[in-house]
Structures are given as structure tokens and as C-alpha cells.
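The values are calculated or read from the model by the stated rules, or taken from the named source; none is laboratory data. Just so you know, these numbers come straight off a predicted model, no measurement behind them. Cβ: placed from backbone, ideal geometry, glycine included. Neighbour counts: every protein chain shown. Each accessible area value is taken on the protein alone, full model and side chains, heavy atoms only, with ligands, DNA and RNA left out. Shrake-Rupley method; radii C 1.70, N 1.55, O 1.52, S 1.80 Å.
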Amino acid sequence: CRLTQSNEMIVALGTAFDCVVSLLVAGEKLDSALSDKLMDLVGKGNLPYQDRPLPPKPGEIDVNLPGLFPIPDALLIPSCVARIVNDPGIRIDPAWRIALIYGLPCGINHQLPAAYYLASRFADDFESAVLHAINGGGQNMSRAFLTGALVGAQVGLSKIPQRFIDGLENSNELVSLALELGDLAESD
């Protein structure tokens, strides 16, 4: 993230997204417990976030160190959003309206919560998740990409509709890379 971004919020959110996808590929679920697992990795020193909800006091830590983010909020968002899906008092229908709730701009702070919601709500239905991401309007392609990555990590390549794969440029190469990634995840 730091190769292409200089804004700490974007770097923290982008890195957290990558960490979430990594855990999903490893078999974890996008649910209310996922953020606790991410925070456990912070506590063990495996993720570059501070293990506290508040920023450090001046002089306590150099927040400009590469790879260290001052607060772990980005790791807490996935489970906060997943709780919405399972709360019987909250119902968003049709699901694409989540884009209106979190906003239609292209900022990652608008895109990720909506993607986490759709990926949690449609954890086993790649097509529905992606179509709701697209139907939300605004920056729908970004939202669809993020949602597709999250749900694809949960369901695996075999549950992505073939017509979605066939339409990709260099689809054979991409499938080969996805299978290689899957093999790497299984070997850990």
C-alpha cells in the first residue's frame, strides 16, 4: 500500500482489507469474531498496528515508522459491519442500498464498509454479492471488485460462476494464479 499511497488512513484501510482477505482464504468467516482474530494477530506482533484503541502519547512511539499504523480501527470495521447482517432489528432491502448508507463516492472509507456488508450477507453467494455491489450505483465497479475479492476468498474459485470468469481478459492466466494462491494457502 505504501508504494502507491501516502495517506495513512488509506494505507491502514487497504492493509486491513488485505489482512481480511488473507484470513478468509485461510478459512475464517467474515463475522463478528473476525476482528478479534485480527486484533490477536496485532497482539502477537504479526500485524503492523498498535494494540490499543487510542493513539500513542507524544514521544511514546514514532507513528512515521514504515508499516506501523497508529490505531487499529481499520481492523475493527469488518466485524462491526458483519454484526449489522445478523441483527434482526436491522434490515436493508434490497441489499444494494447499503451503498446509499455508506456513500457513493470512490473513497475507500465509503467502499469497504459496503463491501464488508455484502460479503457478510452473501458469504456463500458470489453472484448475488457482486450484483448488489454493482446495482448500488456510484463507484460500483470498485465496490464490486472489493466485494468479489471478499466473497471469492470465502467460496473459492469453484463457486464463482463460470461466465464471470470467461469474460475476463487473460482468464486462463488468472485462474492459474488463483489456483496457485489456493495451493499456497493450503500448504500453510
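Checking the conditions here, which among A119, A149, A144, A114 is in contact with a Lys or Arg (Cβ under 8 Å, 6 or more places away or on another chain) and either at positive phi or among the small types (G, A, S) (or both)? Write out each step before concluding.
Values: A119 fails: in contact with a Lys or Arg (Cβ under 8 Å, 6 or more places away or on another chain); A149 fails: in contact with a Lys or Arg (Cβ under 8 Å, 6 or more places away or on another chain); A144 fails: in contact with a Lys or Arg (Cβ under 8 Å, 6 or more places away or on another chain).
Checking each option against the conditions leaves just A114.
Among the residues of the range 120-176, the one identified as open to solvent by 70 Å² or more (accessible area, probe 1.4 Å) and in contact (Cβ under 8 Å) with a residue 40 or more places away in the chain is N135. Looking across the range 146-161, the residues that are at pLDDT 95 or above and closer than 15 Å to E127 by Cβ come down to T147, G148, A149, L150, V151, G152, Q154, V155, K159, I160, P161.
Could you please give the count of residues in the range 178-188 that are open to solvent by less than 90 Å² (accessible area, probe 1.4 Å) and under 22 Å from D125 (Cα atoms)? Steps first, answer last, please.
Step one: of the range 178-188, the residues open to solvent by less than 90 Å² (accessible area, probe 1.4 Å) are 178, 182, 185, 187.
From what's left, under 22 Å from D125 (Cα atoms): 178, 182, 185.
Summing the residues that are open to solvent by less than 90 Å² (accessible area, probe 1.4 Å) and under 22 Å from D125 (Cα atoms) in the range 178-188 gives 3.
Here are some residues: D51, D73. Which one is modelled with pLDDT under 90, in contact with a helix residue (DSSP H, G or I) (Cβ under 8 Å, 6 or more places away or on another chain) and either under 30 Å from N135 (Cβ atoms) or open to solvent by less than 10 Å² (accessible area, probe 1.4 Å) (or both)? Result of the check over D51, D73: D73.
Of all residues in the range 11-27, none satisfies being at negative phi, modelled with pLDDT under 85 and part of a loop (DSSP other than H, G, I, E, B). Looking only at residues of the range 102-119 that are aliphatic (A, V, I, L, M) and part of a helix (DSSP H, G or I), we find that the one that is surrounded by the most Cβ atoms within 10 Å (Cβ to Cβ) is L118.
Is it fair to say G103 is touching a Gly at 6+ places or on another chain (Cβ under 9 Å) and more than 16 Å from L24 (Cα to Cα)? The answer is yes for G103.
A99 passes every criterion in (1) in a helix (DSSP H, G or I); (2) of a type outside the set (S, T, N, Q); (3) open to solvent by 60 Å² or more (accessible area, probe 1.4 Å); (4) more than 13 Å from L34 (Cβ to Cβ) apart from (3). Taking the criterion of being over 20 Å from the mean Cα position of the chain (by Cα) and outside any helix (DSSP H, G or I), the residues of the range 133-188 that qualify are P161, G167, L168, E169, N170, D188. Answer with yes or no whether A185 is of a type in the set (A, V, I, L, M) and touching a residue at least 40 places away in the same chain (Cβ under 8 Å). Yes: the conditions hold for A185.
Given the options D93, D62, name the one that is assigned to a loop (DSSP other than H, G, I, E, B), open to solvent by 70 Å² or more (accessible area, probe 1.4 Å) and modelled with pLDDT of 75 or more.
Being assigned to a loop (DSSP other than H, G, I, E, B), open to solvent by 70 Å² or more (accessible area, probe 1.4 Å) and modelled with pLDDT of 75 or more holds for just one of D93, D62, which is D93.
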